[in-house]
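For reference, the structure discussed in these notes is given below.
A short reminder: the numbers here are calculations on the coordinates, not readings from a lab. The structure displayed is predicted, hence computed values, not measured ones. Please note: Cβ atoms are built from the backbone with ideal geometry, for glycine as well, and neighbour counts cover all protein chains shown.
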Amino acid sequence: MTDWIEHFRAAAHGLPVSRVWRGHGSALFIELGALTPRYRHDGMPGEPEGEIGLMIEWSWRIEEGPSIACGSWSDEDLWPSTFARLIGRSVQDLSTFGRIPEVTLSLTGNLHVASFMTSEGDPAWTLFDRRRSGPVAIICRNGVIGVES
């Protein structure tokens, strides 16, 4: 497959946001579609995974209408209520923007989640497709979108 963004756009379209959670630091995880339980190496429950997942390690923002509801540099007290507003919203679009590809997830209710790296190196986002036996993950490296090894 050569157009990975189109693959993820088609796979995510219409799926509901099932879970939004915070990873280490300001890492944001958005799980789409049916959730599957996950277990850590020690047997303890981990975070459930959606059919499609978006991880933005940092920097990110959540836009609501014409303004920014919160972002990775916002007061962390704003995050839980903003994350909760994403739950149940359906994916309208998933696309990239910019010369160095950043990702944006557009949801019903005029909500949008966008990555926007503000440091040297590559954008820090990953898309996961877990619908098959072998999951596919894509990233941006050196300005090119490709499969994570």
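Here are the numbers for the structure shown:
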item: Among the candidates S106, S74, S18, residue that is of a type in the set (G, A, S), over 26 Å from R141 (Cβ atoms) and touching a strand residue (DSSP E or B) at 6+ places or on another chain (Cβ under 6 Å); result: S18
item: Selection from region 108-131 of residues that are assigned to a strand (DSSP E or B) and aliphatic (A, V, I, L, M); result: L111, V113, A114, L127
item: Residues located in region 83-103, provided they are surrounded by 18 or more Cβ atoms within 10 Å (Cβ to Cβ) and among the β-branched types (V, I, T); result: V91, T96, V103
item: Total residues in region 36-90, condition free of Cβ contacts under 8 Å to residues at least 60 places away in the same chain, under 30 Å from S133 (Cβ atoms) and in a loop (DSSP other than H, G, I, E, B); result: 10
